[in-house]
1. In whole Hz, what ³J(HN,Hα) sequence does the stretch 199-208 give by Karplus (6.51, -1.76, 1.60; θ = phi - 60°), x for Gly and Pro?
2. Pick from A85, A17, A197: which residue has the top mean-square fluctuation in a GNM of the chain where Cα pairs under 10 Å get a spring?
3. Rounded to a whole number, what % of the accessible area of the chain do carbon and sulfur atoms account for, probe 1.4 Å?
4. What's the ranking of 257-263, 124-130 by average number of surrounding C-beta atoms within 10 Å, highest first?
5. If you put +1 on each Lys and Arg Cβ and -1 on each Asp and Glu Cβ, how big is the dipole of the stretch 154-219 around its Cα centre, in Debye rounded to 20?
6. On C-alpha positions alone, give me the angle between the axis of helix 94-108 and the longest principal axis of the chain, in degrees, nearest 10.
7. Specify which residue in the list L189, I279, W34 is farthest towards the positive end of the charge dipole of the chain, using unit charges on the beta carbon of Lys, Arg (+1) and Asp, Glu (-1), about the Cα centre.
8. Return the sequence-ordered ³J(HN,Hα) values of the stretch 314-327 in whole Hz as given by the Karplus equation 6.51 cos²θ - 1.76 cosθ + 1.60 applied to θ = phi - 60°, using x for Gly and Pro.
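The values are calculated or read from the model by the stated rules, or taken from the named source; none is laboratory data. Predicted, not measured: the structure shown is a model, and the values here were computed from it. Note that we place each Cβ from the backbone using ideal geometry, even for glycine, and neighbour counts take in every protein chain shown. These area figures cover heavy atoms from the full protein model, side chains too; ligands, DNA and RNA do not enter into them. Shrake-Rupley method; radii C 1.70, N 1.55, O 1.52, S 1.80 Å.
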Amino acid sequence: MGDDMKDMTSLGLKVEAGRLWILDQTRLPDEECWVEGGDPAAMVGHIQRLAVRGAPLIGVAAALSLACFAASGASESRLRSACAALRGARPTAVNLMAAMDRMKAALDAGASSQDLVREAEAIFEADVELCEAMASRGAALIGPGESALTHCNAGALATAGIGTALGVIRRAFELGRLRHVFVDETRPLLQGARLTAWELSRLGIPHTLITDSMAAILLREGRVQRVLVGADRVAANGDFANKVGTYGLAVQALHHGVPFHPVAPWTTVDLDCPDGASIPIEERRAEEVRGYGGRLWAPEACPVFNPSFDVTPASLVTSLVLDRAVLTGAQLRE
Ligand code: MRU
């Protein structure tokens, strides 16, 4: 088998005959367009333009891209600089750093290209298992007939497996507990409207799309029994970063007494980050707020604030669903 990578498939990424492909998420739901990701310089671009996105998946994709580069015969020094470039492609999701630190540690230990291929495959396979573990733990929290609300896309498109928050939703629906899902459209890049709604319709899970500003009404009217979201980095004190809008949702959920849960694998936990204030927050281009898809609806030079993520303090969390445990807000504060 040599350096050949195993064939592997997830909803947003696949390895076939040693070539890495990603489903270009910027084109969804209009087109399912696969682009090659085996060149690390191209992969950095795919990650930055969100063609491949979601905290766990960008780590998996970066590791597989580096492994393809190794299998193509790249020198150690080129592998090291590609590893550093991939690691720095986006700043907030710590899964990217964790995956690339794993690949760098293998390089430091004198890994062959075959070893790097095996390491990247292991990162993919571990993420699939982590999603299953989160889904089981999270689904057990959900009572019969509940409706949930989610933000952004924390589904199969964001991981190698069935997703984090959306994996919990999927499992709870399969178990006959969850009745309905409300989906925040998730401005500015519409991951909820474009990606989560697409995933839920493929899965046949009843759902309703709302704009982000409509969530408070549903919470006040008692039409949502639980809020489930993903995370890009969980700090040691339980504060966490996720797609911008998550913090506001957590404030609203607490105000209305609705349980609020981030769902994340241990690869999203950063114990070196003491609290939310230490999490680096990506700021993105002003055009993303002035309009969408090349169409402007604000004045061209309008000043813009565009943080891609916000930080939710642990004090607003009912419990954090990890693959290994469910930690209550009180346990997080201990
Ligand atoms: O900018 P994105 O689309 O990569 O942001 C993704 C999110 O914020 C997700 O909620 C998070 O990565 C969790 S994914 C399982």
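1. 4, 5, 6, 4, 7, x, 9, x, 8, 9
2. The residue with the greatest mean-square fluctuation here is A17.
3. 53 percent
4. Packing order, densest peptide first, comes out as 257-263, 124-130.
5. Its charge dipole is roughly 180 debye.
6. With both axes taken from Cα atoms, the answer is about 20 degrees.
7. Checking the options against the dipole of the chain, the answer is L189.
8. 4, 5, 9, 8, 6, 7, 9, 8, 9, 5, 9, 6, 10, 9
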